[in-house]
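Scroll down for the structure; my scribbles are underneath it.
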Amino acid sequence: MTPDRHQEPVSGLRRPRVKPEHRAYRTVDGNVRIGSVVYGIGAEVTDPEGWIWTLTEALDGTRAPAEAVTQVLARHPGLEPRSVTEAMDDLYEAGFLEDAGAEPSAALTAEDRERYSRGVTLLRWMDLSPRATAWELQARLRSARVLLLGLGGTGGFAAQGLAASGVGRMHCVDGDVVELSNLNRQPLYHESDIGRPKATAAVAALRAVNSRVALTAERREVHGPDDLAALLAPGYDLLLLCADRPPEIRRWANRVCLAAGIPWLDAGYRGPLVTVGVHAPGRGACWECHRAGEVERRDLRLGAGQDEEAASPRMEWNPVNAVTAGLSGHLLVYAAIALLTGVPEMEPGFRFGLNLMALSEPLEERFERRPDCPACGTPPGGS
């Protein structure tokens, strides 16, 4: 266990403890399993002398690091103190320890700590970075600024999820009014909202979810990349694109976010397929790289004179219900929180989702960045 240490060692923690979600146990062959092995985020350590198990028991949040070492040496007197200290550092570097004596961020109130306690626990479970306390992650969310474009099915669920999760500032944009046909998959709105601008109705509903979030909205349509650039101009950490028109809007978002250096996500549904795309300038394939790779992969074998639409025709109304809209919106929130907090680690440049006709085969597509991409490729004569 000799990782490249780049963080403060566990000796910098006041009272190190194994995270409750990563509680260790012994296997029938005497090894120690720590972390959630069943979820793919744990580890199994051989322990022929039994002292690793003793160490995990000593790291219960009641002792300083030196006291934990003393506890282990008392039961294993032939052991070198350095070995115990290095093992603690390894456990910390692997993300299995936290500081029971760490104070939550000063940016979070007592009410915040109660409100977000369950979400912080989940982040702590998934976090495999050396960190004194998972409250650091909630503080990151608290300081984040998000622009959400489109308050329909996907966007409505996403806005609710981000507000509930405690994002600091969110500006929502939509040009439509609430219609009766929206209500089958947009529970952000009610029958009493029919005829009201979605932006107006959404802000009222979202503030009822979480009054601590700085929420603003405007009724506005995007007619080109300049409109999108103007919306992003105040400065945001992330763009969530939940609008599906005009048809060129994803291409516009890709170009504008590349120019501005802003990560962005797009999500939606197409029949039983729900997907989320994760994009960040300079990190993996951009949306246009991915789109080109996806077209090649599909190999539609279209006959002469037929274009791609023949294989997947667009209908006047996209078939959808609350399930497909909700899945796309909730997966979008998951990706947004991952990018804003770093938990779990998510390398941009891919698309993931679910096909409700094949639940046993979750979708994940990742393509290489294309040197000839008109958006992010190397220009002629460039390096």
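A short reminder: the numbers here are calculations on the coordinates, not readings from a lab. It should be emphasised that the depicted structure is a prediction, and the values quoted were computed from it without experimental measurement. Cβ placement follows ideal geometry from the backbone for every residue including glycine, while neighbour counts extend to all protein chains displayed.
Descriptive notes on the structure:
- Computed 3J(HN,Hα) for the stretch 20-32, one whole-Hz value per residue from the Karplus formula 6.51 cos²θ - 1.76 cosθ + 1.60 where θ = phi - 60°, is x, 6, 10, 3, 7, 8, 9, 8, 5, 9, x, 6, 10, glycine and proline marked x.
- Check: the chain dipole with +1 on Lys, Arg Cβ and -1 on Asp, Glu Cβ, in debye: 720 debye
- Scalar couplings 3J(HN,Hα) for the stretch 355-362, obtained by applying the Karplus form with A = 6.51, B = -1.76, C = 1.60 to θ = phi - 60°, are 10, 5, 8, 8, 5, 7, 10, x Hz; x denotes Gly and Pro.
- Semi-axis lengths, largest first, of the ellipsoid equivalent to the stretch 144-366 are 27, 21, 17 Å, with √(5λ) applied to each eigenvalue of the Cα gyration tensor.
- Global geometry of the stretch 39-78, whether rounded, prolate or oblate, following the gyration tensor of its Cα atoms and the 1.5 cut on a/c: oblate
- Cα centroid separation, the stretch 13-76 to the stretch 139-191 (Å): 43 Å
- For the chain, the relative contact order comes to 13 percent (Cα pairs under 8 Å, sequence separation of at least 6).
- Nearest 10 degrees, 0 to 90: helix 198-209 Cα axis against the chain principal axis: 20 degrees
- Rounded to the nearest 10 degrees, the angle from helix 322-341 to the longest Cα principal axis of the chain is 50 degrees.
- Pairwise centroid distance, computed over Cα atoms, of the stretch 77-130 with the stretch 206-226, Å: 35 Å
- Packing, as the average of other Cβ atoms within 10 Å across residues, places the peptides 33-42, 147-156 in the order 147-156, 33-42, highest first.
- Within the stretch 222-275: Cβ-based charge dipole about Cα centre, in debye rounded to nearest 20 (Lys, Arg +1; Asp, Glu -1): 180 debye
- Each of 238, 199, 210 was scored by the projection of its Cα onto the charge dipole of the stretch 196-256, and the greatest displacement toward the positive side belongs to 210; charges sit on the C-beta of Lys, Arg, Asp and Glu.
- Cβ crowding within 10 Å, taken as a proxy for footprinting-reagent exposure, orders 364, 57 from fewest neighbours to most as 364, 57.
- Hz values of 3J(HN,Hα) by residue in the stretch 50-59 - Karplus curve (6.51, -1.76, 1.60), Gly and Pro given as x: x, 7, 5, 4, 4, 5, 4, 5, 6, 7
- Computed over the stretch 12-99, the ratio Rg/Rh where both radii use C-alpha atoms and Rh is Kirkwood: 0.94
- Largest GNM mean-square fluctuation across 51, 135, 317, computed for the chain with C-alpha springs under 10 Å, falls on 317.
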